[in-house]
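Please treat every number below as a calculation from the coordinates, not as lab data. From a predicted model like this one, the values you see are computed outputs, not experimental measurements. Positions of Cβ are generated from backbone atoms using ideal geometry, with glycine treated the same way; all protein chains shown enter the neighbour counts.
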Amino acid sequence: MIGIARGAGAAVLRGDADPANAASQRVMERAGMRRVGESGGFVRFLVEFGR
């Protein structure tokens, strides 16, 4: 997904994970996304692409 977003010209990609789903959170972190907080019952992740 990250490669597709980057290839399509996205500047930012955001993702959410259930707080109880540690495996999903690890996948996002290993993909290069950083945890930016929690809101609405989700853990929020973000990756920004350099231009």
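Identify the chymotrypsin sites (Phe, Trp or Tyr not before Pro) of the chain meeting these criteria: DSSP loop state and at most 15 other C-beta atoms within 10 Å of the C-beta.
Values: sites: Phe42, Phe45, Phe49; in loops: Phe49.
Those satisfying the criteria are Phe49.
Mind pulling up the Rg/Rh value for the chain? Radius of gyration and Kirkwood radius, both on Cα. Using only Cα positions, Rg/Rh for the chain is 0.99.
Please work out how much length the chain gains when fully extended from Arg35 to Val12, using 0.36 nm per residue of separation minus the C-alpha to C-alpha distance, in nm with one decimal.
6.9 nm
The mean sequence distance of close C-alpha pairs (under 8 Å, at least 6 residues apart), as a share of the length of the chain, puts its relative contact order at 42 percent.
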